[in-house]
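The values are calculated or read from the model by the stated rules, or taken from the named source; none is laboratory data. If you're wondering where the values come from, they're calculated on a predicted model, not measured in any experiment. Here the Cβ is made from the backbone with ideal geometry for all residues, glycine too, and neighbour counts use every protein chain on show.
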Amino acid sequence: MKQIIVVNRSLALPKGKLAAQVAHAAIGAFIAASAEAQVAWLQVGMPKIVVYAADADALVKLEARAREQQIPADLVHDAGRTVIPAGTITCLGLGPALADVLDPITGELPLV
């Protein structure tokens with residue numbers, strides 16, 4: 001079990017903003033997961049990997065693929081209170097889910 005957070009690389013977010021958006025995606029995807037997946041992920045130490053995708057369009061496509069496979073997903077749209085406009089797609093949280101389910105979707109993406 002693991003979680004993958006995919007960051008919109010085109011935004012070149014400052015470190016603090018990036019960390020906050022990754023946290024939003026991690027929590028949102030966790031909430032979207034089944035109770036069984038939540039418990040299993042918690043029991044293995046909450047592993048997560050943060051990767052980049054090129055832009056918002058790539059995140060939307062990844063979300064669609066994940067939902068087709070019933071992978072918990074949360075596409076984060078910024079509130080617009082700081083450095084980017086409201087509604088900007090910043091991150092996509094995927095999982096917790098089994099690695100063999102997530103890896104075909106995100107395995108080629110570069111690490112943050």
Discussion item. Six or more apart or on different chains, Cβ atoms under 6 Å: show the pairs whose first residue is in the stretch 65-77 and over 13 Å from A33 (Cβ atoms) and whose second is in a strand (DSSP E or B) and of a type in the set (S, T, Y).
Written reply: V76/T90
Worksheet item: Any residue at all in the stretch 25-45 that is within 12 Å of V7 (Cα to Cα) and touching a Leu at 6+ places or on another chain (Cβ under 9 Å)?
Response: yes
Worksheet, complete the sentence: With the first residue restricted to the stretch 10-29 and required to be over 17 Å from T82 (Cβ atoms), and the second required to be basic (K, R) and buried (at least 16 other Cβ atoms within 10 Å of the Cβ), Cβ contacts under 7 Å at 6 or more apart or on different chains are A26/K48
Practice prompt. Determine, yes or no, whether S34 is surrounded by fewer than 19 Cβ atoms within 10 Å (Cβ to Cβ), closer than 15 Å to V112 by Cα, of a type in the set (S, T, Y) and at pLDDT 95 or above.
Written response: no
Practice prompt. State which residue is surrounded by the most Cβ atoms within 10 Å (Cβ to Cβ) when the search covers only the stretch 52-95 and only residues that are under 19 Å from G16 (Cβ atoms), of a type outside the set (F, W, Y) and within 14 Å of the chain's Cα centre (by Cα).
Written response: G93
Discussion item. Cβ-Cβ under 8 Å, sequence separation 6+ or interchain: first residue in the stretch 91-112 and touching a residue at least 12 places away in the same chain (Cβ under 8 Å) and farther than 21 Å from A40 by Cα, partner of a type in the set (S, T, Y) and surrounded by fewer than 21 Cβ atoms within 10 Å (Cβ to Cβ). Which pairs?
Written reply: L109/Y52; P110/Y52; L111/Y52; V112/Y52
